[in-house]
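Structure, as structure tokens:
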Amino acid sequence: MITVTGATGNIGRTLTELLVAAGEDVVAVSRRLRPETEGRPGLRWAEGHVGDAAGMRAPLAGARALFVVLGGELNAHGEKPELLLRTAADAGVERVVLVSSQVGATRPEAPSHARLRAFEAAVRASGLDFTILRPGGFASNAFAWADTVRAKRTVFAPFADVALPVVDPADIAAVAAKALREDGHGGRVYELTGPELVSPRRQTAAIAAALGEEVTFVELSREEAYAAMSHFMPEEAAAGTLDVLGTPLPAELRISPDVETVLGRPAGGFGGWVERNLPAFR
């Protein structure tokens, strides 16, 4: 059995489907169960989150592997990560796959990623077989533009022509599924990126092409973007995100081969992500 945290998120939804399709028994864990989260053969839903080790005892019972992704706990000052990993080990878990972040490694001083760095350290010290995934920026961050694309056929974003190798969350899920199910990934750290550098202006063009309609790009200043982002994320996280988007380090511009190495196929591009998620922008 495999326990998947964050099972309703951009990675977790796909990962759960991949594991069930592969014949695994899966406990899908989310903070709140939704009406559509009804069980089917091989799948059971449970409430819980990685910041509550005691609440994870039941979802972990009988599991041999655990997928960990931080959601609202990313910037929280909650329980020590060691508590969750000890609970997992006590339940019989032998393998853990953690979604960390490229930024946590490239910018070790960034306070917004301190909790991820703590989780990485705890996973390494846990005695469990582990794999750490360090994705760069997510293609799915473009969902933030969906409302204005639908209403005004306009994207508002900073740093119009600064390009990064954004990764499709489906590729993160596919790599996680391999690491959870197969041997040979223990102790590995995979850096996950897309296959090319793509700027916000080019992302907008990809959305327009998929829609078959013109979509206008309006460049925000850093100050305007910071004000907007501070409404839905901590100020330090907003500032750190803008640092990466506006002045990426050489390591953050590197296109990693790890998706292709693990999956045996090239990483998916931003255009493919848009095609699969086009209803969000219609």
Criterion violated by Phe232 - all others in (1) assigned to a helix (DSSP H, G or I); (2) exposed (fewer than 15 other Cβ atoms within 10 Å of the Cβ); (3) modelled with pLDDT under 90; (4) not acidic (Asp, Glu) satisfied: (1)
Scan the stretch 185-206 and give yes if some residue there is assigned to a helix (DSSP H, G or I) and free of Cβ contacts under 8 Å to residues at least 24 places away in the same chain, otherwise no. yes
Based on this model, can you work out whether Pro135 counts as closer than 19 Å to Pro250 by Cα, modelled with pLDDT of 95 or more and either among the hydroxyl-bearing types (Ser, Thr, Tyr) or surrounded by 19 or more Cβ atoms within 10 Å (Cβ to Cβ) (or both)? yes
Yes or no: Ala237 open to solvent by less than 40 Å² (accessible area, probe 1.4 Å) and not in a helix (DSSP H, G or I)? no
As an exercise: evaluate Thr87 against (1) touching a residue at least 12 places away in the same chain (Cβ under 8 Å); (2) surrounded by fewer than 23 Cβ atoms within 10 Å (Cβ to Cβ); (3) within 24 Å of Ala174 (Cα to Cα) and give the number of the one condition it does not meet. (3)
Please pick out the residue among Asp168, Asp258 that is acidic (Asp, Glu), within 18 Å of Asn10 (Cβ to Cβ) and open to solvent by less than 50 Å² (accessible area, probe 1.4 Å). Asp168
If we scan the stretch 5-15, do we find a residue that is surrounded by fewer than 15 Cβ atoms within 10 Å (Cβ to Cβ) and either modelled with pLDDT of 95 or more or over 26 Å from Glu182 (Cα atoms) (or both)? no
If you check Glu182 against the conditions, is it open to solvent by 60 Å² or more (accessible area, probe 1.4 Å) and more than 22 Å from Thr14 (Cα to Cα)? no
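Among the residues of the stretch 46-72, count how many are among the β-branched types (Val, Ile, Thr), assigned to a loop (DSSP other than H, G, I, E, B) and modelled with pLDDT of 95 or more.
0
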Starting from the stretch 48-59, take each residue that is at positive phi and list its partners that are among the small types (Gly, Ala, Ser), counting only C-beta distances under 6 angstrom and pairs at least six apart or across chains. Gly48/Gly55
The stretch 100-121 - residue that is touching a strand residue (DSSP E or B) at 6+ places or on another chain (Cβ under 9 Å) and not β-branched (Val, Ile, Thr) and, of those, surrounded by the fewest Cβ atoms within 10 Å (Cβ to Cβ): Ala105
Those residues that are under 19 Å from the mean Cα position of the chain (by Cα) and assigned to a helix (DSSP H, G or I), I need them from the stretch 244-260; list them, please. Val244, Leu245, Ala251, Glu252, Leu253, Asp258, Val259, Glu260
So, in the stretch 244-269, exactly how many residues are under 16 Å from Arg134 (Cβ atoms) and basic (Lys, Arg)? 1
Unmet criterion (only one of (1) of a type in the set (A, V, I, L, M, F, W, C); (2) modelled with pLDDT of 95 or more; (3) touching a Lys or Arg at 6+ places or on another chain (Cβ under 9 Å); (4) surrounded by fewer than 18 Cβ atoms within 10 Å (Cβ to Cβ)) for Leu242: (2)
Condition first: on the phi < 0 side of the Ramachandran plot, modelled with pLDDT of 95 or more, charged (D, E, K, R) and not in a strand (DSSP E or B). Can you find one or more residues in the stretch 25-39 that meet it? yes
For the stretch 261-282, which residues satisfy the criterion of being polar (S, T, N, Q) and open to solvent by 60 Å² or more (accessible area, probe 1.4 Å)? Thr261
Output the qualifying pairs, or none if there are none: Cβ atoms under 7 angstrom, residues six or more apart or on different chains, first residue in the stretch 212-227 and among the small types (Gly, Ala, Ser), second residue open to solvent by less than 50 Å² (accessible area, probe 1.4 Å). Ser221/Pro158; Ala225/Pro158; Ala225/Leu242
Given (1) of a type in the set (A, V, I, L, M, F, W, C); (2) open to solvent by 40 Å² or more (accessible area, probe 1.4 Å); (3) modelled with pLDDT of 95 or more, identify the lone condition not met by Ala157. (2)
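The values are calculated or read from the model by the stated rules, or taken from the named source; none is laboratory data. The structure displayed is predicted, hence computed values, not measured ones. As a convention, Cβ positions derive from the backbone with ideal geometry for all residues, glycine included, and neighbour counts pool all protein chains shown. All accessible areas refer to the heavy atoms of the entire protein, side chains included, with ligands and DNA or RNA removed. Shrake-Rupley method; radii C 1.70, N 1.55, O 1.52, S 1.80 Å.
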